[in-house]
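Data first, discussion second: the structure below is written as structure tokens.
The values are calculated or read from the model by the stated rules, or taken from the named source; none is laboratory data. The structure displayed is predicted, hence computed values, not measured ones. With ideal geometry, Cβ positions are generated from the backbone for all residues, glycine too; neighbour counts draw on all protein chains shown.
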Amino acid sequence: MIPDKLTVALSTGFLKALNQLPEKARGKVAAFISKFRDNPRSPGLNYERIEGGKDPLIRSIRVDQDIRCILRAPEQGDTYVLLWIDKHDDAYDWARRKTCHVNRVSGALQIVDVEAAESAVGVATAAAGTEAIPAAPIAIASQENRANTELASLFTHCDDDQLMLLGVPEALLPAVRAVQSEEALARLIEWVPQDCVDGLILLAEGRPIQAVIEELERQRPDHIDPEDVATALATPESQAEFLVITDDDELEAMLSAPLEQWRVFLHPSQRRLVNRDWNGPVRVLGGAGTGKTVVAMHRARWLANRLLASDTPGQVLFTTFTRNLATDIRSNLAKICSPEELRRIEVIHLDGWVMTFLKNQGLQVRVFNDEAREACWSLAMDVADPAMGLEERFYMEEWKDVVLANGCRSRDDYLAARRIGRGTRLSKQQRAQIWPVFDALRAEFRQRGLWEPEEAKTAAADLLRNADQGGRYLAVVVDEAQDLDVASFSLIRVLAGEPHANDLFIVGDPHQRIYGKPIVLSRCGIDVRGRSRKLRINYRTTEETRAWATAVLEGVNFDDLDGGNDPSSDYRSLLHGEKPVLRGFEDPADEQRFLQDSLTQLRGIDGNLASTCVTLRTKTARDRVAQALEKAGFPVRLIEANEADDPSDPALRVATMHRVKGLEFDQVFIPELTAEQMPYRVEVSRRPDQVSREQFEQQERSLLHVAATRAKKRVVVTYSGKPSSFLTPRG
Ligand SMILES: Nc1ncnc2c1ncn2[C@@H]1O[C@H](COP(=O)(O)OP(=O)(O)OP(=O)(O)O)[C@@H](O)[C@H]1O
């Protein structure tokens, strides 16, 4: 008889192992799972014990002559967990070493290989003060300047229950306690369940145990029944590694093609942000590659699902700064949402939303171009008083940084505006003399139907407010928050209506701010107090690349979008690899040759260069290098500004550094990183004063940080002649 409350779950390992099997075998596995789900106790399924296995509940079932499915089959109850799939001998070998238990403190289900974990840290000899395994070439750098530090024992300040609450399985306590160095921790991390990784890394940095437990929001469940695997599977910790199959379509999609992990398995700190009610706006900060976009997408899905479940009409707005990211998000949301959920989410970059809205309101709205802007400025400058001795460039910056940034509509607004970060002091009288230029400029813009993005957003917010049409969306999810300005957030506030539960979910990374200026959410009517969280673990970039890209930002202070600080030292990478390659050349021809030779070598290894990107500071440099590479026989795909990338194209990617924001590649090449290119000298020379030049330099540092953190495996930086000042430590 088919059990009433059958639960079948899959582990991440099962899916990874499945992806290694040949196409034909995968088809058989799909048929097997279907049969298994129909009735796991069918007489046709033979459960074999694993001789010499550590966990008696781990069994094997024959899929075909070759393939065996390893699963946790209960003696009682109806919860089955598929753990691994492989050829007979390999499957048995895997199964023999594993245990699969509910953690008696955290309540999570965990798969453990004690032997592997212990041998990774040399448990047997650690007690005698040495480690059996020689130090690997990789290391977790818990502070940039503190790599490879030898420590007595990283976790002496925690008791067993505290470690277990952070997800350490009881069986791995000896291995964890034997960790004496950051190198050993890096080796151990390979063998611990996903849900204890964040905790161990934070503890190894020397953070107090209680602070880590609080930050990761780990709470001991009231009651844990080690036999109750179904309850264990419902915890956010288990969901980092296991998926309960509820949806046949989802299962079919997973079995038929390799699946990106993020689509199904969220890490506990990610899941805790997504699946819950928040009683107001949430702000999530996270360094590059920490999964901000992944979390924002899952949150949008969760919100859409809520609307559907409660039969509430209306939509969720998912908005971003750049159009490109909105395009990527639209296609990625389609991978995780049902068509009904998708219909409840509108994805659009904010400027696009505003343009459409204003046009629908009957306003004349045209897209700005440089020519039209210059013409307006030239006419407005006719009313400038030459006796003031201020250059046009100064007026332009004053317009952007003071008039637009403060939403000044009148002379009085301007006289009262804050001029934070401006390098030239102005008296009230001088401001009054300057204002007619801005008045004239605005008149020119309006005559031509041109709107600065800030003005357009303010106008849209005013129109909505005046027509009592705020709250157009039930919730708004915002990605790339660091690049949005005050006008954007003020509009977003209006779009989400009066503050209410689950209204705003804002993710961003001030270290990656390459367009905007710091903002303070509370000044835009967005109160995130008590609802600010951080994602600390980078899942994309190796620690070596992350550390290099963070060193580029040294000396720069970053805000937290709400008037506080977001220290660069708060983030870590899970992965390790090569240090970024930095090569200088005398002659540009040698640099070009090095680039081509490196690409040829990579193509030899990977078969194509689809996951390699060459990124440059300017469009001119991009086009020149792309042409040279094409001439040298490399098929090249330029990633253009307003065009989505096509993952099926096997060509080498070439793009500007601005365009690669939000993307990722295995390899990133950053050629021509010269003093001329970065900080971009042409722009530096245009800046009217030192403060403005420093602000620009900071943005340029962030731009290089963005470019380097796109790399999953490798970064190669080259220059010929004088290197960029960013490549040498600040004196
Ligand atoms: N739960 C997860 N499981 C597996 N992979 C994940 C998970 N979360 C994030 N990743 C991976 O980490 C990488 C970065 O994710 P994402 O783009 O969401 O980060 P981000 O913080 O928005 O990055 P950035 O700000 O640098 O653009 C992606 O390759 C993604 O697949």
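Before moving on, here are some points about what is shown:
- Of residues in region 250-264 being outside any loop (DSSP other than H, G, I, E, B) and of a type in the set (A, V, I, L, M), the one farthest from HIS298 (Cα to Cα): LEU255
- Selection from region 395-450 of residues that are assigned to a helix (DSSP H, G or I), of a type in the set (Gly, Ala, Ser) and surrounded by 17 or more Cβ atoms within 10 Å (Cβ to Cβ): ALA440
- Contact map, region 385-413: residues that are more than 20 Å from ALA487 (Cα to Cα) paired with residues that are of a type in the set (Ser, Thr, Tyr), Cβ distance under 7 Å, separation 6+ or inter-chain. Pairs shown: PHE394/THR424.
- Some residue of region 327-341 being crowded, with 17+ Cβ neighbours inside 10 Å, modelled with pLDDT under 95 and either hydroxyl-bearing (Ser, Thr, Tyr) or under 20 Å from VAL494 (Cβ atoms) (or both): yes
- The condition of being in a helix (DSSP H, G or I) and either outside the structural domain of GLU640 (by TED's automatic domain parsing) or of a type in the set (Asp, Glu) (or both) holds for only one of ALA326, ALA288, that being ALA326.
- Considering residues of region 215-249 that are part of a helix (DSSP H, G or I) and away from the ligand (no atom under 16 Å from the Cβ) only, the residue surrounded by the most Cβ atoms within 10 Å (Cβ to Cβ): ALA232
- Contact map, region 253-265: residues that are under 11 Å from ILE336 (Cα atoms) paired with residues that are within 14 Å of the ligand (Cβ to nearest atom), Cβ distance under 6 Å, separation 6+ or inter-chain. Pairs shown: TRP262/VAL294; ARG263/LYS335; ARG263/ILE336; VAL264/LEU243.
- Boolean, THR615 is modelled with pLDDT of 95 or more, out of contact with any His (no Cβ under 7 Å at 6 or more places or on another chain) and within 16 Å of the ligand (Cβ to nearest atom): yes
- When restricted to residues that are in a loop (DSSP other than H, G, I, E, B) and closer than 25 Å to LEU10 by Cβ, region 265-285 contains 5.
- Wholly enclosed strands (runs of 3 or more DSSP E) of region 479-593 bearing at least 1 residues within 16 Å of the ligand (Cβ to nearest atom): 504-508, 532-535, 537-542, 572-575
- Single residue of region 546-564 satisfying the filter (among the β-branched types (Val, Ile, Thr) and out of contact with any Ser or Thr (no Cβ under 7 Å at 6 or more places or on another chain)) that is modelled with the highest pLDDT: VAL552
- Looking across region 271-305, the residues that are within 11 Å of the ligand (Cβ to nearest atom), out of contact with any strand residue (DSSP E or B) (no Cβ under 7 Å at 6 or more places or on another chain) and within 24 Å of GLN110 (Cα to Cα) come down to ARG271, VAL274, VAL294, HIS298.
- Conditions (1) modelled with pLDDT of 95 or more; (2) out of contact with any helix residue (DSSP H, G or I) (no Cβ under 7 Å at 6 or more places or on another chain); (3) closer than 19 Å to GLY662 by Cβ; number of the one not met by GLU260: (1)
- Meets criteria (buried (at least 17 other Cβ atoms within 10 Å of the Cβ), assigned to a strand (DSSP E or B), within 16 Å of the ligand (Cβ to nearest atom) and not assigned by TED's automatic domain parsing to the domain that holds ASN538) for ARG701: no
- Pairs linking a residue in region 564-592 that is without any contact (Cβ under 8 Å) to a residue 12 or more places away in the chain and at positive phi to a residue that is surrounded by fewer than 16 Cβ atoms within 10 Å (Cβ to Cβ) and of a type in the set (A, V, I, L, M), with Cβ atoms under 8 Å and 6 or more positions apart or on different chains, do not occur.
- Among residues of region 451-478, those that are surrounded by fewer than 15 Cβ atoms within 10 Å (Cβ to Cβ) and either within 16 Å of the ligand (Cβ to nearest atom) or not assigned by TED's automatic domain parsing to the domain that holds ASP351 (or both), counted: 0
- Residues satisfying the stated conditions in region 451-472, i.e. outside any helix (DSSP H, G or I) and either β-branched (Val, Ile, Thr) or within 10 Å of VAL494 (Cβ to Cβ) (or both): GLN469, GLY470, GLY471, ARG472
- Checked against the criteria, GLN690 counts as more than 29 Å from the chain's Cα centre (by Cα) and not small (Gly, Ala, Ser).
- Hits in region 315-326 (condition: surrounded by fewer than 20 Cβ atoms within 10 Å (Cβ to Cβ) and either β-branched (Val, Ile, Thr) or modelled with pLDDT of 95 or more (or both)): GLN315
- Search result, residues across region 306-336 that are away from the ligand (no atom under 14 Å from the Cβ) and of a type in the set (D, E, K, R): ARG306, ASP311, ARG323, ARG330
- Looking only at residues of region 227-242 that are in contact (Cβ under 8 Å) with a residue 60 or more places away in the chain and more than 22 Å from the chain's Cα centre (by Cα), we find that the one that is nearest to ALA17 (Cα to Cα) is LEU233.
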